[in-house]
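The values are calculated or read from the model by the stated rules, or taken from the named source; none is laboratory data. Worth saying up front: this structure is predicted, and the values here are computed from it rather than measured. All Cβ positions, glycine included, derive from the backbone under ideal geometry; neighbour counts span all protein chains shown.
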Protein chains: 2
Amino acid sequence: MARSGSGTDAAGAAAGGPLAGIRVLDLSTIQLGPFATGLMAEWGADVIKIEAPDGDPVRKIPPMRHAGMGSMFLGVSRDKRSLVLDLTVAEGRETLARLAADADLLLHNFRPRPAKKLGVDYEALRAANPRLVFCTAVGYGSDGRYGDRGAYDDLIQGISGVAGLVGRHLGGDPRYVPLAMADKAASFMVLGSVLAALVHASRTGRGQAIEVPMFESLVHFVVTDHLTGRAFEPPLGEAGYVRQLSAHRKPFRTADGHVCILPFSDANWRHFFAIAGAPEDADDPRFASVGARTENTSALYTRMEELAARHPTAYWLAELEKADIPFAPVNSLEDLLADPHLAEVGFFAEEDHPSEGRLRSWRAPTRFGGTPAAHRRPAPRLGEHSVEVLLEAGFDGEEVDALIAKGAVRAGD
Amino acid sequence: MARSGSGTDAAGAAAGGPLAGIRVLDLSTIQLGPFATGLMAEWGADVIKIEAPDGDPVRKIPPMRHAGMGSMFLGVSRDKRSLVLDLTVAEGRETLARLAADADLLLHNFRPRPAKKLGVDYEALRAANPRLVFCTAVGYGSDGRYGDRGAYDDLIQGISGVAGLVGRHLGGDPRYVPLAMADKAASFMVLGSVLAALVHASRTGRGQAIEVPMFESLVHFVVTDHLTGRAFEPPLGEAGYVRQLSAHRKPFRTADGHVCILPFSDANWRHFFAIAGAPEDADDPRFASVGARTENTSALYTRMEELAARHPTAYWLAELEKADIPFAPVNSLEDLLADPHLAEVGFFAEEDHPSEGRLRSWRAPTRFGGTPAAHRRPAPRLGEHSVEVLLEAGFDGEEVDALIAKGAVRAGD
């Protein structure tokens, strides 16, 4: 399989990818954990999604064809297997412990007290498996005063400064970014952290407990750009990266739409003015050098806005590309689905899901030359793999039946 | 060392963290690579920042006290060492090859042709080091038609749909998110990808070449939320996650500022109306159940806006916390610097930089229980460690002098 995302593997389960051989017990819900384990699954890890009997709430977010199989769930759950355990039942907790004895990673986002009650407890699990990496994804670090607060994407965008920055940039009220940006930036921090711990475990045989807080992760995401003057004590000015916050930083209106234009070098600027039909502007002393342009940013951007509006988008896209001036179209979601580059790299793919019919999904972006990632399974129905996973783990048929009878395990339909 | 970020280690170089023992040659610039290797460095990797003689351009982004030591550079370069190599000189390329023979990871963001010319060439380097992970961070996947285009944060926000989504959400023109969101989301994809490849290399002894494209990474970031109806074929409606794009999704205005409020359960709503001074609203049939609230979203949010404006922010923050209703303040950058939780977890710290004076920086958010990360060094001056790194790698003093004389290597001031 030379390319990932090129459809389901015929064998149904042959693992490719750099994480082949890594076993993950994922008890997390919504996006904070599952976005990270979605990448791990596509990169070859055996990700067992352990769900409560009512399933990950993300299953219920519409649209969907059948209950419990919403679009977001379908996207981030490809290549995972679903095992339903009721951790409020003692035998459910025992089953989890038995599985954890042979896992590389356990990931969860319970708060500390419920976690312990449910048997999701590092001290109890490490004895049987010292190489286990045990990751708790939390809203706020447990060593600070917000440690018990619940966290959602909107709230973390507010408290981490993102919503305020959007308001400052637009000169209006604070607003959220219309993406689960906090969930996903923090999920990437989870991904990096668990993989770093797995590198260590692979080299030393020793696992560990780690905690990844969403709030701190987003502040880290924000301050890298925006600490600026406050990186110095005493300060060299206020916090906030001027270029990113500038009202001028926006796509330009064309005669019929918008385009992103970012001339860089002197040559880029000369070409830009020529394409725009105003070659004489390149000799305007306000625009003729990088120093002059920096001093006359407002005049420069005002002039760019005038010029951009003279031509339709298609003209700009074609001419900017020919002149090798950094540019981009402003795409809608529908534009992405029709983008020829994304088609050439096989980014989106359609496949037939056994219960949900024809679906469109996307692949993980990285190309691994030595261990090509290979999509293997469609997103699972609730409990679809409960029996399979337990049999594989060494439970016998009678044990599985007994667990199901006790309500500790539920098999899928 | 019980905590990361608690100041510079006395020994100056003792590596803690899960990546201790991993050696990284980082030839990347600005944020796409360096943000990822910043986390790796703080997590214990020995990150050697290999710079051209004029240095990473990010050094020049103000504010700064001294040339080449801008605030953003200072933040993402902590715990890295700087080696200046001129790869246009044959001996510079030979030096790189000799270092790569003993590295775990080489990361760069040159385009394919210049990369090869500069000796940054996987086929040439793998022979001497089969366990090397060689990562190329690119704007667009090299297997698609945009493969040769340059990429910048703004442009990728435009082409990946982010700018259009912001416009759609706000009911206006496309706008960028005022953060290097594309650089950093893609940098996280770089981080996850190289760590996955390092897990594989640790387990098998085999490295590989990998490519991480920024455009595809951002589309992946966007469509996880927003594919929605287009996840199905035929579609179940248009693409776009209604809740995230709703005009109602915003922080609420209070009597003197803003606050994020996200009541969830029926009890949350009852408490919210009580705190707001309108307990009777809890019995309004439009708001009394989750079904009714979903059907009457507009009326509900309009009512919330009216109620939120009745009280000042401090009232809301205190009362929402008491009632355990999910909430958050809307923080400015200055608020973050004064936040008591961040102080308790030691998120920001001050230290004295040998040349730049008193600085404020931040720590990586993850708590590694078994391998606490430890900040070891301040950000390096250009070429500060050129000689040290080469001597450590087995070059002798005469060789180093010869390399400097040839201009292949530059030592710092």
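Quick one: which helices (runs of 4 or more DSSP H) lie wholly within region A:213-286 and hold at least 1 residues that are farther than 30 Å from A:G172 by Cβ and over 26 Å from the mean Cα position of the chain (by Cα)? Working first, answer last.
On the way: elements: A:214-226, A:242-245, A:266-276.
Here the list reads A:266-276.
Please verify whether A:I275 is within 14 Å of chain B (Cβ to nearest Cβ) and at negative phi, treating the condition exactly as stated. Quick ask: steps written out before the conclusion?
Details: within 14 Å of chain B (Cβ to nearest Cβ): no; at negative phi: yes.
Against the criterion (within 14 Å of chain B (Cβ to nearest Cβ) and at negative phi), A:I275 does not qualify.
For region A:310-327, check the following and say yes or no: at least one residue is under 27 Å from the mean Cα position of the chain (by Cα) and either β-branched (V, I, T) or within 14 Å of chain B (Cβ to nearest Cβ) (or both). Don't jump to the end; show me each part of the working.
As a first pass, look at region A:310-327 and keep what is under 27 Å from the mean Cα position of the chain (by Cα): A:326-327.
Filter once more, so that each one left must be either β-branched (V, I, T) or within 14 Å of chain B (Cβ to nearest Cβ) (or both): A:326-327.
Checked region A:310-327: at least one residue is under 27 Å from the mean Cα position of the chain (by Cα) and either β-branched (V, I, T) or within 14 Å of chain B (Cβ to nearest Cβ) (or both).
Report whether or not A:L107 is buried (at least 24 other Cβ atoms within 10 Å of the Cβ), assigned by TED's automatic domain parsing to the domain that holds A:F215 and out of contact with any His (no Cβ under 6 Å at 6 or more places or on another chain).
In short, yes.
Pick out the one residue from A:G75, A:G44, A:G38 that is buried (at least 24 other Cβ atoms within 10 Å of the Cβ), touching a strand residue (DSSP E or B) at 6+ places or on another chain (Cβ under 7 Å) and under 25 Å from A:G21 (Cα atoms).
Of A:G75, A:G44, A:G38, the one residue that is buried (at least 24 other Cβ atoms within 10 Å of the Cβ), touching a strand residue (DSSP E or B) at 6+ places or on another chain (Cβ under 7 Å) and under 25 Å from A:G21 (Cα atoms) is A:G75.
Residues are listed down the side, and each one gets a yes or a no for (1) hydrophobic (A, V, I, L, M, F, W, C); (2) at pLDDT 95 or above; (3) over 21 Å from A:L245 (Cβ atoms):
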site: A:A274; (1), (2), (3): yes, yes, yes
site: A:G277; (1), (2), (3): no, yes, yes
site: A:D284; (1), (2), (3): no, yes, yes
site: A:G291; (1), (2), (3): no, no, yes
site: A:E295; (1), (2), (3): no, no, no
site: A:S298; (1), (2), (3): no, no, no
site: A:Y301; (1), (2), (3): no, no, no
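How about region B:199-210: which of its residues are closer than 18 Å to A:L191 by Cβ and either touching a strand residue (DSSP E or B) at 6+ places or on another chain (Cβ under 6 Å) or of a type in the set (G, A, S) (or both)?
Within region B:199-210, B:A201, B:S202, B:I210 meet the criteria.
Among B:A323, B:A314, B:A328, which is the only one that is among the aliphatic types (A, V, I, L, M), surrounded by fewer than 16 Cβ atoms within 10 Å (Cβ to Cβ) and farther than 15 Å from A:P234 by Cα?
B:A314
If a residue must be not in a helix (DSSP H, G or I) and not hydrophobic (A, V, I, L, M, F, W, C), how many such residues does region A:287-309 contain? Lay out the reasoning, then the answer.
First, pick out the residues of region A:287-309 that are not in a helix (DSSP H, G or I): A:287-289, A:296, A:309.
Going one step further and asking which of them are not hydrophobic (A, V, I, L, M, F, W, C), we end up with A:289, A:296.
Result for region A:287-309: 2.
Name the residue, out of A:L107, A:L96, that is at pLDDT 95 or above, in a strand (DSSP E or B) and aliphatic (A, V, I, L, M).
Values: A:L96 fails: in a strand (DSSP E or B).
Unique residue meeting the criteria: A:L107.
What are the residues in region A:314-332 that are hydrophobic (A, V, I, L, M, F, W, C) and assigned to a helix (DSSP H, G or I), if any? Explain how you work it out, then say what you get.
In the first step, residues of region A:314-332 are kept if they are hydrophobic (A, V, I, L, M, F, W, C); the result is A:314, A:316-318, A:320, A:323, A:325, A:327-328, A:330.
Selection gives A:A314, A:W316, A:L317, A:A318, A:L320.
Going through A:K117, A:K60 one at a time, which residue ends up being assigned by TED's automatic domain parsing to the domain that holds A:R377 and under 30 Å from B:G237 (Cα atoms)? I'd like the intermediate steps shown before the answer.
Working: A:K117 fails: under 30 Å from B:G237 (Cα atoms).
Among A:K117, A:K60, only A:K60 is assigned by TED's automatic domain parsing to the domain that holds A:R377 and under 30 Å from B:G237 (Cα atoms).
Could you grab me the full set of residues in region A:63-75 that are farther than 11 Å from B:L236 by Cα and part of a loop (DSSP other than H, G, I, E, B)?
Hits for region A:63-75 are A:H66, A:A67, A:G68, A:M69.
Is it fair to say A:A163 is out of contact with any Leu (no Cβ under 9 Å at 6 or more places or on another chain), farther than 30 Å from A:R98 by Cβ, of a type in the set (A, V, I, L, M) and surrounded by 21 or more Cβ atoms within 10 Å (Cβ to Cβ)? Working first, answer last.
Working: out of contact with any Leu (no Cβ under 9 Å at 6 or more places or on another chain): yes; farther than 30 Å from A:R98 by Cβ: yes; of a type in the set (A, V, I, L, M): yes; surrounded by 21 or more Cβ atoms within 10 Å (Cβ to Cβ): yes.
Considered against the rule, which asks whether it is out of contact with any Leu (no Cβ under 9 Å at 6 or more places or on another chain), farther than 30 Å from A:R98 by Cβ, of a type in the set (A, V, I, L, M) and surrounded by 21 or more Cβ atoms within 10 Å (Cβ to Cβ), A:A163 comes out as yes.
What's the total number of residues in region B:171-191 that are in contact (Cβ under 8 Å) with a residue 12 or more places away in the chain and either of a type in the set (A, V, I, L, M) or not in a helix (DSSP H, G or I) (or both)?
Of the residues in region B:171-191, the ones in contact (Cβ under 8 Å) with a residue 12 or more places away in the chain are B:171, B:174-177, B:180-191.
Now drop any that are not either of a type in the set (A, V, I, L, M) or not in a helix (DSSP H, G or I) (or both), which leaves B:171, B:174-177, B:180-182, B:185-186, B:189-191.
The qualifying residues number 13.
Only one of A:G229, A:G205, A:G240 is touching a residue at least 12 places away in the same chain (Cβ under 8 Å), surrounded by fewer than 24 Cβ atoms within 10 Å (Cβ to Cβ) and more than 16 Å from A:L106 (Cα to Cα); which?
A:G240
For A:R65, work out the one condition from (1) within 11 Å of another protein chain (Cβ to nearest Cβ); (2) crowded, with 24+ Cβ neighbours inside 10 Å it doesn't fulfil.
(2)
State whether the residues of region A:179-189 include one that is over 22 Å from B:T366 (Cα atoms) and facing another protein chain (nearest Cβ under 7 Å). Spell out how you get there, then give the answer.
Step one: filter region A:179-189 for residues over 22 Å from B:T366 (Cα atoms), giving A:179.
Remaining after also requiring facing another protein chain (nearest Cβ under 7 Å): A:179.
For region A:179-189, residues over 22 Å from B:T366 (Cα atoms) and facing another protein chain (nearest Cβ under 7 Å): present.
Which of the residues belonging to region A:199-242 are farther than 29 Å from B:A201 by Cβ and more than 7 Å from chain B (Cβ to nearest Cβ)?
Once the filter is applied, which keeps residues that are farther than 29 Å from B:A201 by Cβ and more than 7 Å from chain B (Cβ to nearest Cβ), region A:199-242 yields A:M214, A:F215, A:L218, A:P234, A:P235, A:E238, A:Y241, A:V242.
Give the residues of region B:49-63 that are in contact (Cβ under 8 Å) with a residue 40 or more places away in the chain and within 24 Å of B:F348 (Cβ to Cβ), sorted by residue number.
Hits for region B:49-63 are B:K49, B:R59.
Across region B:123-164, which residue is farthest from B:V190 (Cα to Cα) among those that are in a helix (DSSP H, G or I), at the interface with chain A (Cβ under 9 Å from one of its Cβ atoms) and out of contact with any helix residue (DSSP H, G or I) (no Cβ under 7 Å at 6 or more places or on another chain)? Spell out the reasoning first.
First pass over region B:123-164, keeping only residues in a helix (DSSP H, G or I): B:123-126, B:153-159, B:162-164.
Going one step further and asking which of them are at the interface with chain A (Cβ under 9 Å from one of its Cβ atoms), we end up with B:153-159, B:162-164.
Restricting the remaining residues to those that are out of contact with any helix residue (DSSP H, G or I) (no Cβ under 7 Å at 6 or more places or on another chain) gives B:154-155, B:158, B:164.
On the way: B:D154: 19, B:L155: 19, B:G158: 20, B:G164: 25 Å.
By that ranking, first place goes to B:G164.
List the number of the failed condition for A:E388; all other conditions in (1) at positive phi; (2) of a type outside the set (S, T, Y); (3) more than 14 Å from every other protein chain (Cβ to nearest Cβ) hold.
The number of the failed condition is (1).
Quick check: is even one residue across region A:287-294 under 23 Å from B:Y140 (Cβ atoms), polar (S, T, N, Q) and within 13 Å of chain B (Cβ to nearest Cβ)? It would help to see each step written out before you state the result.
So in region A:287-294, the residues under 23 Å from B:Y140 (Cβ atoms) come out as none.
Within region A:287-294, none of the residues are under 23 Å from B:Y140 (Cβ atoms), polar (S, T, N, Q) and within 13 Å of chain B (Cβ to nearest Cβ).
Residue check: is A:A364 facing chain B (nearest Cβ under 10 Å), of a type outside the set (K, R), under 18 Å from A:F73 (Cβ atoms) and touching a His at 6+ places or on another chain (Cβ under 9 Å)?
Numbers: facing chain B (nearest Cβ under 10 Å): yes; of a type outside the set (K, R): yes; under 18 Å from A:F73 (Cβ atoms): yes; touching a His at 6+ places or on another chain (Cβ under 9 Å): yes.
For A:A364, the condition - facing chain B (nearest Cβ under 10 Å), of a type outside the set (K, R), under 18 Å from A:F73 (Cβ atoms) and touching a His at 6+ places or on another chain (Cβ under 9 Å) - is met.
Taking only region B:256-270 into account, find how many residues are over 17 Å from A:Y152 (Cα atoms) and more than 14 Å from chain A (Cβ to nearest Cβ).
2
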